[in-house]
Amino acid sequence: MVSVEDYGEYETAWCPGCGDFNILKAVKAALANLAMPPSEVLMVSGIGQAGKLPQYLNCNFFNGLHGRTLPPATAAKLANHELTVIAVAGDGDCYGEGGNHLIHAVRRNPDITVIVHNNQIYGLTKGQASPTSERGMVSKIQKQGVFNNPFNPIAFAISQDCSFVGRGYAGDVQHLTELLMKAIQHRGLSLVDVLQPCVTFNKLNTFKWYSNRVYKMEEGEYALDDRVKAFERSLEWGDRIPLGIFYTNERPILEDNHEILKEAPLIRHKPETGRVNRLIEGFT
Ligand SMILES: Cc1ncc(C[n+]2csc(CCOP(=O)(O)OP(=O)(O)O)c2C)c(N)n1
Ligand code: SF4
Ligand SMILES: [Mg+2]
């Protein structure tokens with residue numbers, strides 16, 4: 001029996017009312033509902049308000065560099081594939097600074113879950129535009145409004161055949177909890193983009209703004225492995241914003257390619273120094 005209390009209660013450094021609190025609530029509920037003991041869970045993050053989330057959970061965590069969330073998460077999964085590995089990042093971290101890593105993580109398909117707190121802004125560094133900021137959004141830095149087209153993470157992920165693609169909303173903890181449970185259980189890379197109001201710096205995409213637009217997709221509207229239908233749906237943004245699972249596929253995961261992992265996790269294999277030495281000698 002695993003309870004939400006097992007994941008602890010910590011003092012946070014988030015602003016009162018921030019959407020991040022509800023994401024933390026949903027992550028805890030999802031892990032408890034799935035009966036995952038904290039000792040078997042590893043959370044990995046970089047820098048940002050989103051990146052603080054693992055520090056507020058009583059489980060294993062690694063906190064690295066901004067934009068570099070996915071490489072250590074992938075490496076940790078290969079080192080011990082018995083761990084449930086969850087990467088947590090902001091929209092800046094995952095779609096901006098770490099965008100290149102996202103591309104290749106989707107291609108490699110490790111069995112990890114990536115939760116992106118998408119507040120359409122750089123929160124920690126006080127409100128600059130991020131890759132998902134709306135065109136025309138005015139900030140202290142983008143005084144004439146954002147010039148660039150916003151990045152569409154859902155369309156990107158589906159176009160690259162990402163194994164599981166979903167969107168949640170920090171204003172609906174129950175729906176987000178269920179979505180996270182499915183993402184964590186899915187075998188392969190799961191990308192969950194979470195709409196997360198930043199109440200301090202993003203005065204455009206507020207709880208009210210999202211709540212007036214989001215709606216839940218019905219199960220069975222289309223087959224979830226229909227990539228073209230999923231892509232079409234991913235383009236819907238504006239007056240109506242769909243939430244839920246957009247796309248899934250069952251392609252081989254990164255771990256399947258490594259025969260040695262079938263015997264035991266890498267961490268339980270004895271280092272074969274003789275073989276390593278012979279390999280190094282081969283280069284001399
Ligand atoms: C390599 C590097 N570049 C830039 C920064 C400065 N920096 C820290 S957090 C951040 C943006 C955070 O935005 P996001 O990832 O969306 O997270 P949020 O704070 O909005 O949750 C930036 C630019 C840094 N710490 N390291
Ligand atoms: S700055 Fe924004 S994202 Fe960061 S804690 Fe405050 S409300 Fe949340
Ligand atoms: Mg952000």
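The values are calculated or read from the model by the stated rules, or taken from the named source; none is laboratory data. None of these values were measured; they are calculated from a predicted model. Neighbour counts are summed over all protein chains in view; Cβ atoms, including those assigned to glycine, are modelled from backbone coordinates with ideal geometry. Ligands, DNA and RNA are excluded from the accessible area calculation, which covers all protein heavy atoms including side chains. Shrake-Rupley method; radii C 1.70, N 1.55, O 1.52, S 1.80 Å.
What accessible surface, in Å², does a 1.4 Å probe find on E218, ignoring ligands, DNA and RNA and rounding to the nearest 10?
130 Å²
Over the chain, with a Gaussian network built from C-alpha contacts below 10 Å, which listed residue (F156, F164, F201) shows the highest mean-square fluctuation?
F156
Tell me the net charge near Y95. Cut-off is 15 Å between Cβ atoms, Y95 excluded, with +1 for each Lys or Arg and -1 for each Asp or Glu. Numbers along the way, then the final one.
Working: positive: R68, R167; negative: D91, D93, E97, E134, D193.
In short, -3.
What is the Rg over Rh value, at two decimals, for segment 32-125, using alpha-carbon atoms and the Kirkwood definition of Rh?
On the way: Rg = 12.6 Å, Rh = 13.1 Å.
Using Cα coordinates only, the ratio equals 0.96.
Report ³J(HN,Hα) in whole Hz for each residue of segment 124-139, in order, from the Karplus equation J = 6.51 cos²θ - 1.76 cosθ + 1.60 where θ = phi - 60°; Gly and Pro get x.
For segment 124-139, the Karplus curve yields 4, 8, 6, x, 7, 5, 10, x, 9, 4, 5, 4, x, 5, 8, 10 Hz.
Quick one: with all protein chains in place, what share of the accessible area of the chain is carbon or sulfur, to the nearest percent (1.4 Å probe)?
The value for the chain is 54 percent carbon and sulfur by accessible area.
Ignoring ligands and nucleic acids, what accessible area does C18 show with a 1.4 Å probe (Å², nearest 10)?
20 Å²
Taking only protein heavy atoms into account and a 1.4 Å probe, give the accessible area per residue of the chain in Å². All intermediate terms of the calculation are to be shown ahead of the outcome.
Working: 13880 Å² over 284 residues.
Heavy-atom SASA per residue in the chain reads 49 Å².
Based on DSSP loop calls and a cut-off of at most 10 other Cβ atoms within 10 Å, the longest stretch of the chain free of exposed trypsin sites (Lys or Arg not before Pro) is what?
Numbers: sites that count: K140, K143, R240.
Result, exposed sites excluded: 1-139.
Looking only at the chain, where both bridge partners belong to it, what percent of the DSSP beta bridges are antiparallel (to the nearest 5)?
Details: 5 of 34 bridges.
That works out to approximately 15 percent antiparallel.
Which value in Å is the Kirkwood Rh of segment 189-243 over different Cα pairs?
Working: mean 1/r = 0.0772 Å⁻¹.
Answer for segment 189-243: a Kirkwood hydrodynamic radius of 13.0 Å.
Expressed as a whole percent, how much of the Cα-Cα distance distribution for segment 124-166 exceeds 13 Å? Intermediate values should be presented prior to the final figure.
Working: 524 of 903 pairs.
Roughly 58 percent, rounded to a whole number.
Can you quote the Å³ per residue value for the convex hull of the Cα atoms in segment 75-151, rounded to an integer? Numbers along the way, then the final one.
Details: hull volume 6.7 nm³, N = 77.
Taking the convex hull of the Cα positions in segment 75-151, it is 87 Å³ per residue.
In deg cm²/dmol, rounded to 500, what helix-only [θ] at 222 nm does the chain give when every DSSP H run of at least 4 residues adds -39500 (n - 2.57) and the total is split over its residues?
Calculated mean residue ellipticity at 222 nm is -8000 deg cm²/dmol.
Over all directions, the average projected area of the alpha-carbon convex hull for segment 4-255 comes to how many nm²?
Working: hull surface 48.6 nm².
For the Cα atoms of segment 4-255, the hull's average projected area reads 12.1 nm².
Calculate, in nm to one decimal, what M1 and E232 gain on full extension: separation in residues at 0.36 nm each, minus their alpha carbon distance. Don't skip to the end; give the middle numbers.
Working: separation 231, 0.36 × 231 = 83.16 nm, distance 4.14 nm.
Gain in length upon complete extension: 79.0 nm.
How large is Rg/Rh for segment 113-254, to two decimals, with Cα atoms and a Kirkwood Rh?
Ratio value, two decimals: 0.98.
Considering amide H positions built from the backbone, and no H for Pro or chain starts, which residues 5 or more places from V114, or on another chain, come under 5 Å of its amide H?
HN-HN under 5 Å from V114: A87, S190, L191, V192.
Give me D for segment 185-284 in µm² s⁻¹, whole number, from Stokes-Einstein with Rh from the Kirkwood sum over alpha-carbon pairs, 37 °C and 0.692 mPa s. Write down the numbers at each step before the final one.
Details: Rh = 18.4 Å.
Value of D from the Cα-based Kirkwood radius: 178 µm²/s.
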